[in-house]
Amino acid sequence: MTSSEKEKTNVKLLAVDQFVTSNIVLPTEVFVKDRNFVGWGEENNFPKYVDDLYMNVSTLHSIIDGITDYICGESVNVNITNFQEQANSKGDTFEDIISWVANDLIKYNGFALNVIKNKLGTVAEIYYLDFKRVRVNKEKTKVYYSTDWDKSYGRVKYTEYDEFNSEEGKKNPSTIYYYSGTVNRVYPVSMWEASLTACETERKMNEYHLNNISNSFASNYIINFNNGRPSDEIQEEIEMEVYDKFCGVENSGRPMLSFNNNKDAETTVTKIDADSFIDKYNALANRTKQEIFTSFRCSPILFGIDQEKTGFNANEYAETFRLFNKTVIEPLQKKIIKVFDKIFGQKGSIYIESFKINFDKEVTA
């Protein structure tokens with residue numbers, strides 16, 4: 001070993017060590033040998049991942065809830081005898097079921113309903129099923145319901161149902177109407193699937209700022225101890241003491257004390273200035289939100305978000321809603337209505353009264 005090689009020192013910069021990972025779960029359809037159902041995601045966890053994004057990405061959550069409200073409209077009217085008051089013995093109303101179905105339709109572009117028929121073969125009850133708990137076989141003739149899909153394949157316990165068939169009511173009183181809106185796939189493709197990366201980016205940005213508050217020295221400062229290099233154990237001890245004393249929201253504004261043998265051995269603290277960090281962050285945040293809104297083919301103004309900071313404009317909102325209602329909301333409402341028409345075997349079984357805008361006499365939808 002040469003003298004120059006001996007002088008080389010391995011330096012570990014924990015704050016800037018390369019750590020690249022992708023938390024994005026793709027909607028891969030996994031055909032598992034010797035299992036009846038088709039997995040949704042490499043580990044059968046795509047619906048759970050979508051639901052997790054929904055719960056943790058504020059932009060996504062706001063859009064999905066907002067579109068759900070738009071789909072439900074002013075009211076839901078049922079034109080089937082014995083279903084005006086409730087849809088099942090649990091007391092769920094059709095407004096409840098339409099709301100849950102609409103939420104799943106926006107999140108996954110699919111939904112599932114448990115249809116119960118009486119001895120005469122007519123519909124007696126309808127129950128909503130949480131779509132993330134539903135799987136199907138390759139032919140989509142069998143539907144499987146379980147709360148344990150995140151377990152390994154061999155440990156999953158599920159209930160098997162036949163797919164709904166209007167002609168087999170007497171033979172099979174409990175079936176599942178599985179709507180996926182796709183022909184070439186087993187599972188549906190949501191309208192916002194192209195923005196998964198943008199949703200994950202927004203979530204990571206929120207996590208970054210939370211961690212930055214909790215670990216405020218992590219990437220903004222380099223502290224140099226200029227009195228020799230101690231052992232690894234001493235380095236770790238010093239590192240932990242610095243983190244305990246000077247990191248986190250509780251330590252904001254606390255002065256740093258340094259004990260040195262002399263002026264030449266003083267501790268230096270160097271601040272790392274981010275190159276236009278705030279501008280880059282704001283640009284990324286705006287771009288991320290815009291990608292999510294674009295995937296839903298909607299404008300932020302529809303959900304009370306004024307990105308231009310110009311204040312609420314009733315006329316602009318009304319015109320934007322008219323277009324959105326015509327191109328997105330009404331087609332989704334028609335999909336839901338068509339399913340219930342098939343279940344009841346009657347056209348016009350339900351009617352959704354569209355959301356109305358009435359700010360004043362001049363601005364109406």
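State the extension gain, in nm to one decimal, for the chain segment bounded by Glu319 and Asp150, taking 0.36 nm per residue of separation less the distance between their alpha-carbons. Could you put the intermediate results ahead of the total?
Numbers: separation 169, 0.36 × 169 = 60.84 nm, distance 4.39 nm.
Working it through step by step, the gained length comes to 56.4 nm.
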Worksheet item: Karplus couplings for the stretch 181-189 from phi (6.51 cos²θ - 1.76 cosθ + 1.60, θ = phi - 60°), rounded to Hz, Gly and Pro as x?
Response: x, 10, 10, 8, 10, 6, 10, x, 10
Response to the item:
Within the stretch 31-47, the residues whose backbone N lies under 12 Å from a label point placed 7 Å from the Cα of Lys138 along the Cα-to-Cβ direction are 31-39
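How much net charge surrounds Met205 when only the other residues with a Cβ under 15 Å from the Cβ of Met205 are counted, with Lys and Arg +1 and Asp and Glu -1? Please list the in-between numbers first.
Working: positive: Arg203, Lys204, Lys280, Arg287, Lys289; negative: Glu200, Glu202, Glu207, Asp279, Glu291.
Charge balance near Met205 sits at 0.
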Fill in: Environment charge at Glu291 (Cβ cut-off 13 Å; Lys +1, Arg +1, Asp -1, Glu -1)
0
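Working out 0.36 nm times the residue gap between Thr159 and Asp264, then minus their Cα-Cα distance, what length gain in nm do you get to one decimal? Don't skip to the end; give the middle numbers.
Values: separation 105, 0.36 × 105 = 37.80 nm, distance 7.41 nm.
Length difference between fully extended and current span is 30.4 nm.
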Practice prompt. If a/c stays under 1.5 just call it rounded; otherwise compare a/b with b/c (prolate if a/b is bigger, oblate if not). Do that for the stretch 74-202, with a ≥ b ≥ c from the square roots of the Cα gyration tensor eigenvalues.
Written response: oblate
Worksheet, complete the sentence: Karplus-derived 3J(HN,Hα) from phi for the stretch 111-126 (6.51 cos²θ - 1.76 cosθ + 1.60, θ = phi - 60°), whole Hz, x at Gly and Pro, runs 7, 9, 10, 8, 9, 10, 10, 8, 5, 7, x, 9, 5, 9, 8, 9
Fill in: Thr93 long-range amide H proximity, modeled H, under 5 Å
Ala87
Practice prompt. Would you check the accessible area of Glu160, probe 1.4 Å, heavy atoms only, in square angstrom rounded to 10?
Written response: 90 Å²
Worksheet item: Counting only protein chains, not ligands or nucleic acids, how are Leu105, Leu120 ordered by accessible area (probe 1.4 Å), most first?
Response: Leu120, Leu105
Worksheet item: Which value in nm describes the separation of the simple spin-label points at Gln235 and Ile357, placed 7 Å from the Cα toward the beta carbon?
Response: 6.2 nm
Discussion item. Amide H of Lys142 versus every other amide H placed in the peptide plane: which residues, excluding those fewer than 5 positions away on the same chain, fall under 5 Å?
Written reply: Asn137, Glu163
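The values are calculated or read from the model by the stated rules, or taken from the named source; none is laboratory data. In this text the structure is predicted, and so the values were computed from the model without any measurement. Neighbour counts run over all protein chains shown; Cβ positions are idealised from the backbone, glycine included. Heads up: the accessible areas ignore ligands, DNA and RNA and are worked out on the full protein's heavy atoms, side chains in. Shrake-Rupley method; radii C 1.70, N 1.55, O 1.52, S 1.80 Å.
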